[in-house]
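See structure below.
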Amino acid sequence: MENAALTFDKVKAGYKGRIVLDDLSFRVQEGEFISLIGPNGCGKSTLLKTAAALLRPVEGRVFLFGKDVRSMRPVSRAKLIGVVPQKVESPMAYTAAQIVMNGRTAASGPWRGLAEEDYVVIERSMIYTNVLHLKDRYFMELSGGEQQRVILAMVLAQEPRIIMLDESIAHLDINHRYEVLRILKRINREERMTVVLVSHDLSLSAEIADRLILMSDGRIVSEGPPEEVLVPDILGRVYDCELKVQRDPVTGTTHVSGILEGINSHSGAHNTVHIIAGGGTGIELYRRFALQGFRVTTGVLNGMDSDAEAARALGVDTVLEKPFSAIGDEAYQKASEMAAQAEILVLSDVPIGSGNLINLRLAEEALKAGKEVWIAEGINERDYTDGKQAAFTVQQLLADGARIWISLHDLMKELKKN
Amino acid sequence: MKKYQDTTVRSTAMRRLSTISGTRIALFLVAVPLLLSLSLLLGPTGTMLPDLDSPVGKAIMILRLNRLVMGLLVGAALSVSGVVFQAILRNPLAEPYVLGVSGGAGLGATMAILFGAVSAIPLSLPVMAFMSAVATLFLVYGIASRGSGGVPSVYSLILSGVIISAICSSLIMFLVSMASVEGLHNVIWWMLGNLQPAPANQRFVSSLFIVSGIAGAWLLASRLNSLTLGREMAHYQGINADAVIVAGLLCATLTAATAVSIAGMIGFVGLIVPHVTRAMFGPDHRWLVPLAAVGGGTFLAVCDAFARTVLAPIEIPVGVVTALAGGPFFLLILQRKMKSAWIG
């Protein structure tokens, strides 16, 4: 552990009644430039707060340069770790220089004011971040990029050995974002400052960091050099969407982007899907299929069902039966005609009872017509018919060539393959 | 990145980053003794220096000096208390009244007067006022933190403070309505706010409380600066934010409660003096605390001189003068200079 700057040892942490970090262990070496990535709410900010002892771990320990962060005095802790939060605001009209001075406050006890060398450090960090010319301007009147650099100067004035930034650059424009990044890279190189950058921008993280740590649901999913972490498979799972990872052969940088052109790429074979749903199980299906460029139809649903509302809102063609009643022949016939138009039929994880058992016949017809049929797994748990008729029917459907789907993400991938 | 290549680190750094206008300080330091001597010339016996050779003139002068000192102490106490509350709560509306501190102190003092403790036990008035103010603060803090899981938010603090404050004043009203005629006179006289010199031992203890409270606030000054960036940021900078908040609240409560115990409910000073001082000299608390203390003390002493002179021999409650004189002045400052005090 000699040259580990920051070590998390089986840390469990969170807020009242809610554990966010779950048994988290990792290590950051001194002088590394780390980027911490992951979807919203995965615990990145909580990790930062725990590292800086703002949050106490429920279990496990956090070490800064080999010392337990909990046993450290606040002043000595601030000399090791500096944190730039997402946004810093001061309601009072401090000038930029006054803000930066706060970085030296803790080091200079209450009796002694700031000394000559403190002012030298303050001025040096202001020069480093290129804000000295702003020293007499009011902090809150500076632009976002200038404010961020002033805060960075303030944290640098602490002279910490690790600096952690919490999405602080996310809202800056590209020019200011790269200016802050250049400053970080420079102190990382010249002063051997360890940098941990929490970021949403995967491409940017890949470009600047030595190592990425990918978090999801309070755990570390993957860590390593950018090209090992930014893999479509892992990212797709963590962010629950399809992502494209491209490597630039000339510069060696990695570029990650979402997929926008789904709507156009599906102009071919599959363009209509019929979904059997109910009770809110269809909403996500409608949304995802519609986003992928499918024409979506659904039915039979009962009126006032939450899926019926969603279908109406999304403009999905729907066959409706009266609210709270069993599906009758008339509605079934209409749905059968509608499903005949579709190339794919998908059955959601809707509970099946005597009232909607008839919907399964749509699947039988589709299979007979040689169409693809996908059934959500776990029919036994949601079969409420007498004598388990639904489960029996599904068994037969599967035997006849219907397929099981488990996660929506996988279903989409499978459909794309064909 | 070229901009700073000609800027080298020089030993003059300290002066180049100085944050306060020297001219304004100089003006302030000239104005304060002038105003204080002016207030010594004013009194119900005439707007002249009394004949110091005669025993009557001497007595008048001593009385005026005593009131001057009382005014300085009480004004400084209320102002510094306001400065500290505004910094900790990061809110321009904060002052001793808002957190229920003055109300609590007032309730304690009323009880001490009405139940006869004041005449029976020496020093019971300031001690009782301080204890009930601290109890009120704990109550407010406790209620506010219960709702927000450990650390109270500013809004819940202010809200519960305002409510507790209202409860305290209703209790005072109730006690007053039940009081005997003599007790009623004492309480009303005290409540209106006046700077009649208190007994010597009470004066001594009160000034000790106030001076130590102000000194404590001054020691916390640089930490208060950090705290205005928020509790979280202050923590990251190696400041024990919770300890600073508790210490600051105690200092502010001590000074405000003592001021209430010796001078009654004098409103406005704790709110406007911090604002005016901040507008003139900027928000750096290392300067703000002493300047607000001197400024607030002078303000109250001068107001008191007017209060006892304008309608002599009738004495107007000094709280009336602080509000009537301070209000328009405050609004003027608010219009012109607010930007250099608060932003947002």
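The values are calculated or read from the model by the stated rules, or taken from the named source; none is laboratory data. Note that the coordinates shown come from a computational prediction; the quantities given were computed from them, not determined experimentally. As a convention, Cβ positions derive from the backbone with ideal geometry for all residues, glycine included, and neighbour counts pool all protein chains shown. These accessible areas exclude ligands, DNA and RNA; they are computed on the full protein's heavy atoms, side chains included. Shrake-Rupley method; radii C 1.70, N 1.55, O 1.52, S 1.80 Å.
Annotations for the structure displayed:
- Lone qualifier among A:Asp383, A:Asp317, A:Asp305 - being without any contact (Cβ under 8 Å) to a residue 24 or more places away in the chain and either in the same structural domain as A:His274 (by TED's automatic domain parsing) or touching a His at 6+ places or on another chain (Cβ under 7 Å) (or both): A:Asp317
- Only one entry of A:Val346, A:Val350 meets the criterion of being within 25 Å of A:Phe294 (Cα to Cα), open to solvent by less than 20 Å² (accessible area, probe 1.4 Å) and either in a loop (DSSP other than H, G, I, E, B) or at pLDDT below 90 (or both), and that entry is A:Val350.
- Number of positions in the stretch A:51-73 that are under 25 Å from B:Leu224 (Cβ atoms), open to solvent by 10 Å² or more (accessible area, probe 1.4 Å) and of a type in the set (A, V, I, L, M, F, W, C): 4
- Of the criteria (1) of a type in the set (Ser, Thr, Tyr); (2) open to solvent by less than 40 Å² (accessible area, probe 1.4 Å); (3) not in a helix (DSSP H, G or I), which one A:Thr318 fails: (2)
- Count of the stretch A:83-93 residues, restricted to those that are more than 7 Å from chain B (Cβ to nearest Cβ) and modelled with pLDDT of 90 or more, is 1.
- Among the conditions (1) open to solvent by 30 Å² or more (accessible area, probe 1.4 Å); (2) closer than 18 Å to A:Ala209 by Cβ; (3) hydroxyl-bearing (Ser, Thr, Tyr), the only one that A:Ser76 does not satisfy is (2).
- Taking the criterion of being among the aliphatic types (A, V, I, L, M), out of contact with any Phe, Trp or Tyr (no Cβ under 8 Å at 6 or more places or on another chain), at the interface with chain B (Cβ under 7 Å from one of its Cβ atoms) and free of Cβ contacts under 8 Å to residues at least 24 places away in the same chain, the only residue of the stretch A:106-139 that qualifies is A:Val120.
- Selection of the stretch B:285-316 for residues being touching a residue at least 60 places away in the same chain (Cβ under 8 Å) and either more than 18 Å from the chain's Cα centre (by Cα) or open to solvent by 40 Å² or more (accessible area, probe 1.4 Å) (or both) yields B:Arg286, B:Trp287, B:Val294, B:Phe299, B:Ala305, B:Phe306, B:Arg308, B:Thr309, B:Ala312, B:Pro313, B:Glu315.
- Exclusive hit being touching a residue at least 12 places away in the same chain (Cβ under 8 Å), more than 28 Å from A:Arg18 (Cα to Cα) and assigned by TED's automatic domain parsing to the domain that holds A:Ile34, set A:Glu242, A:Glu191, A:Glu207: A:Glu207
- Test result for B:Arg223, within 14 Å of chain A (Cβ to nearest Cβ), farther than 19 Å from A:Gly113 by Cβ and in contact with a helix residue (DSSP H, G or I) (Cβ under 7 Å, 6 or more places away or on another chain): no
- When the strands (runs of 3 or more DSSP E) confined to the stretch A:1-105 are screened for residues that are β-branched (Val, Ile, Thr), touching a Phe, Trp or Tyr at 6+ places or on another chain (Cβ under 6 Å) and under 16 Å from A:Ser168 (Cα atoms), those reaching at least 1 such residues are found at A:81-84.
- Residue within the stretch A:1-14 that is within 14 Å of chain B (Cβ to nearest Cβ) and touching a His at 6+ places or on another chain (Cβ under 7 Å) present: no
- Yes/no for B:Ile113 being hydrophobic (A, V, I, L, M, F, W, C), in contact with a Leu (Cβ under 9 Å, 6 or more places away or on another chain), more than 29 Å from B:Arg308 (Cα to Cα) and open to solvent by 10 Å² or more (accessible area, probe 1.4 Å): no
- Screening the stretch A:107-218 for helices (runs of 4 or more DSSP H) wholly inside it with 3 or more residues that are open to solvent by 40 Å² or more (accessible area, probe 1.4 Å) returns the ranges A:116-128, A:174-190.
- Residue count for the stretch B:191-210, restricted to those that are assigned to a loop (DSSP other than H, G, I, E, B), at negative phi and either open to solvent by less than 20 Å² (accessible area, probe 1.4 Å) or not aliphatic (A, V, I, L, M) (or both): 6.
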